[in-house]
Amino acid sequence: MSCLLIIDHNRATHAVARAFHGLGFKVIAGVAGYCEYAFLSRFVSETVEIADLVDQPEQVLRDVIALSQARPELSGILSVDETGTRWLAERHHRLPASLTRYAARPQDILNSFNKAETTALAVELGVPAAPHIVVDRLDDLHAAAREIGPPLVVRAVESNHDLYGEKVLVCHTWEAFARTATHWPTEGHRQLMVQRFNAGFRHNVCWNAIGGVIHSAVEMKVLQTTTGTRSGYGTYVETVAPHPQLKRYASQFAEALGYHGAGSPQFLVDPASGAISFLEINPRLDANIRLAQAVSPYIENAARIVEGRLTSPLADPWAYQTGRRLFWLKGENQTLKTLMSKREYGRLAARAALMAPRSLTSIDPVFSWDDPLPATAGWLHPVLKYLPEPRFRPPEALRAAV
């Protein structure tokens, strides 16, 4: 039986493990620290300890090589999150030739991660994008903020780390910006991008593309996020009918990049004016990919494209069920904590009252009745984190045992 190694975990890990298990793979989770309790999933056959991708990227490479030598049946590797996706692209030529990378092409990944470059591409293609300025110093950050003017948003150009403790920094007044941006962020950003703020809902177009042509796609609208605003990590997401303009813009991006594999261009759509603004391209699986998987064989299609078993688009790439919703209960708990810290008790009570009905009428990114343990442990993590961490054999030990 062929084996797949999954690294760099987030809540999408469980949908990926389930899909590849269904494709006949034995799934191995390579973990370093918190891993969304992937080792408890019935679809994960084995768990091994690997080094941390952020702190020890070269050791991770050695670990993967050692695991490949210890497990000759290991035939593929996939990263769920952004750090690992970039790692696979940057080191693809140094990975064992026997490993299939279940990811977009390296050049597509690296071209897509730079938000300044993809925003410039959007402008070139005629895709609406908010005016932006790229900076690499604190003085320039303040100058750019004055030029753009509030409301504004500050994003990392390349890094996927938080920014001043948030996914992005949104400031509706100059005073709010000056109060926060007293120093260059400490999360390890080389460059930042300052843009005019767009108040729209985020629409993620999860595509699979073949040589610049969209094979299949699912549009997902982020209704609520972890911040209690429209920025942040999506906690309540719905599949919606494809927006005619977003279909066109997504096709333009895919063709211009010659994109091959799975990814997700994202847009902001203002519900009042209908105005559209390009946000970014994520060259990986969406963290809430279980929703796209619920209305299409998204992960299976992505795998078959990488393997060369799918070579032409579907007759209707945009055929999927609309109106399906995903509710991330664990993420919503983060929202309630945020609202509590801001003393926004009215909004907190309103969100809390909706948690039970939304949980009952939506799918969860992790929980399923036939694989309940990972999500249950995740919900109990505030207690379980004080228990001794489970220990797994490192790849070097596995190789020595061969």
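The values are calculated or read from the model by the stated rules, or taken from the named source; none is laboratory data. Just so it is clear, the structure is predicted and the values come from calculations on it, not from any experiment. No Cβ is skipped: glycine too gets one built from the backbone with ideal geometry, and neighbour counts run over all protein chains shown.
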Query raised in the report: Hey, residue 162 hits all of (1) touching a helix residue (DSSP H, G or I) at 6+ places or on another chain (Cβ under 9 Å); (2) under 19 Å from residue 82 (Cβ atoms); (3) among the acidic types (Asp, Glu) but one; which does it fall short on?
Result: (1)
Query raised in the report: Is at least one residue of the range 159-182 touching a residue at least 60 places away in the same chain (Cβ under 8 Å), surrounded by fewer than 20 Cβ atoms within 10 Å (Cβ to Cβ) and over 30 Å from residue 296 (Cβ atoms)?
Result: yes
**Report entry** Selection within the range 13-30 - surrounded by 24 or more Cβ atoms within 10 Å (Cβ to Cβ) and either within 12 Å of residue 290 (Cα to Cα) or of a type in the set (Asp, Glu) (or both)
**Finding:** 13, 14, 15, 16, 17
Requested in this report: Quickly run through the range 364-389 and pick out the residues that are of a type in the set (A, V, I, L, M, F, W, C) and in a helix (DSSP H, G or I).
Outcome: 373, 375, 377, 379, 383, 384
**Report entry** Test for residue 329: is it within 29 Å of residue 212 (Cα to Cα) and assigned by TED's automatic domain parsing to the domain that holds residue 115
**Finding:** no
Query raised in the report: residue 244 fails exactly one of the following numbered conditions: (1) without any contact (Cβ under 8 Å) to a residue 12 or more places away in the chain; (2) under 20 Å from the mean Cα position of the chain (by Cα). What is the number of that condition?
Result: (2)
Query raised in the report: For the range 342-353, what are the residues that are in contact (Cβ under 8 Å) with a residue 40 or more places away in the chain, part of a helix (DSSP H, G or I) and more than 18 Å from residue 379 (Cβ to Cβ)?
Result: 347
Query - Unique residue being modelled with pLDDT of 95 or more, outside the structural domain of residue 287 (by TED's automatic domain parsing) and aliphatic (A, V, I, L, M) when the list is 70, 32, 89 - result: 89
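Within the range 173-187, how many residues turn out to be part of a loop (DSSP other than H, G, I, E, B) and within 15 Å of residue 138 (Cβ to Cβ)?
7
Condition check: modelled with pLDDT under 95 and either more than 15 Å from residue 145 (Cβ to Cβ) or of a type in the set (S, T, N, Q) (or both). Does residue 175 satisfy that?
Working: modelled with pLDDT under 95: yes; either more than 15 Å from residue 145 (Cβ to Cβ) or of a type in the set (S, T, N, Q) (or both): no.
Here the answer is no, as residue 175 does not meet what is asked.
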Query raised in the report: For the subset of the range 342-379 comprising residues that are out of contact with any helix residue (DSSP H, G or I) (no Cβ under 8 Å at 6 or more places or on another chain) and either of a type in the set (Phe, Trp, Tyr) or at positive phi (or both), which member is surrounded by the fewest Cβ atoms within 10 Å (Cβ to Cβ)?
Result: 369
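Looking only at the range 357-396, which residues are under 16 Å from residue 326 (Cα atoms) and over 25 Å from the mean Cα position of the chain (by Cα)? Walk me through it before giving the result.
Looking only at the range 357-396, we keep the residues that are under 16 Å from residue 326 (Cα atoms), and these are 357-369, 375.
Answer for the range 357-396, where residues must be under 16 Å from residue 326 (Cα atoms) and over 25 Å from the mean Cα position of the chain (by Cα): just 357.
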Query raised in the report: For the range 1-29, how many residues meet the condition of being free of Cβ contacts under 8 Å to residues at least 60 places away in the same chain and either of a type in the set (S, T, N, Q) or part of a strand (DSSP E or B) (or both)?
Result: 4
Report summary line: Restricted to the range 104-146 and to residues being among the charged types (D, E, K, R) and more than 29 Å from residue 252 (Cα to Cα), the residue surrounded by the fewest Cβ atoms within 10 Å (Cβ to Cβ) is 139
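Report yes if some residue within the range 54-68 is over 19 Å from the mean Cα position of the chain (by Cα), part of a loop (DSSP other than H, G, I, E, B) and not aromatic (Phe, Trp, Tyr); otherwise report no.
So far as the range 54-68 goes, yes, one or more of its residues are over 19 Å from the mean Cα position of the chain (by Cα), part of a loop (DSSP other than H, G, I, E, B) and not aromatic (Phe, Trp, Tyr).
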Query raised in the report: Just a yes or no: is a residue in the range 220-231 surrounded by fewer than 24 Cβ atoms within 10 Å (Cβ to Cβ), part of a strand (DSSP E or B) and touching a Pro at 6+ places or on another chain (Cβ under 7 Å)?
Result: no
